[in-house]
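First up is the structure itself, then whatever we jot down about it.
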Amino acid sequence: MDIPNHSKVLFFDFGGGTVDVCIVDIAADNLQMLSYDGDYYLGGRDFDALLYNHFDGILKHKHNIDVVKINKKYLLLQKCQEIKHTLSIYDNFW
């Protein structure tokens, strides 16, 4: 990814159970961290749960499918994790 000189960039690092955020100023060959913070109670697993709840709701209400009753809860969670990983490699998704 080409980042123009004199840009401010926001980085997110979603770990399994934490998230870290950093703002960096990029000038020539110099990176300067402007600010950073993290949340030890928010992370990738929370994002997985949000995706799971979203798709579980769609399956239940639009298609009358209960993933728990048909023993597919773990499969749906795996698919949600795959979606998260796929989204994480794109610098622009839409």
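Rundown of residues vs (1) out of contact with any Leu (no Cβ under 6 Å at 6 or more places or on another chain); (2) modelled with pLDDT under 90; (3) of a type outside the set (S, T, N, Q), yes/no style:
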{"residue": "16", "(1), (2), (3)": "yes, yes, yes"}
{"residue": "24", "(1), (2), (3)": "no, no, yes"}
{"residue": "29", "(1), (2), (3)": "yes, yes, yes"}
{"residue": "51", "(1), (2), (3)": "yes, no, yes"}
{"residue": "78", "(1), (2), (3)": "yes, no, no"}
When you scan the stretch 11-54, how many residues do you find that are among the charged types (D, E, K, R), free of Cβ contacts under 8 Å to residues at least 12 places away in the same chain and not in a strand (DSSP E or B)?
2
Residue check, residue 57 against (1) assigned by TED's automatic domain parsing to the domain that holds residue 77; (2) touching a residue at least 12 places away in the same chain (Cβ under 8 Å), all met but one. Which one?
(2)
Show the residue pairs meeting these rules: Cβ distance below 9 Å; 6+ apart or different chains; first residue within the stretch 68-83 and within 10 Å of residue 56 (Cα to Cα); second residue of a type in the set (D, E, K, R).
68/56; 73/56; 76/56; 77/48
Which of the following residues is more than 30 Å from residue 6 (Cβ to Cβ) and of a type in the set (S, T, N, Q): 30, 64?
64
Just to be sure before I move on: is residue 8 outside any loop (DSSP other than H, G, I, E, B) and either out of contact with any Phe, Trp or Tyr (no Cβ under 8 Å at 6 or more places or on another chain) or surrounded by fewer than 11 Cβ atoms within 10 Å (Cβ to Cβ) (or both) in the structure I sent?
yes
Return yes when residue 64 is at pLDDT 90 or above, exposed (fewer than 13 other Cβ atoms within 10 Å of the Cβ), among the polar types (S, T, N, Q) and under 22 Å from residue 81 (Cβ atoms) and no when it is not.
no
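The values are calculated or read from the model by the stated rules, or taken from the named source; none is laboratory data. As the structure is a prediction and not an experimental result, all values here were calculated from the model. Because the Cβ atoms are built from the backbone with ideal geometry, glycine has one as well, and the counts that use them run over all protein chains shown.
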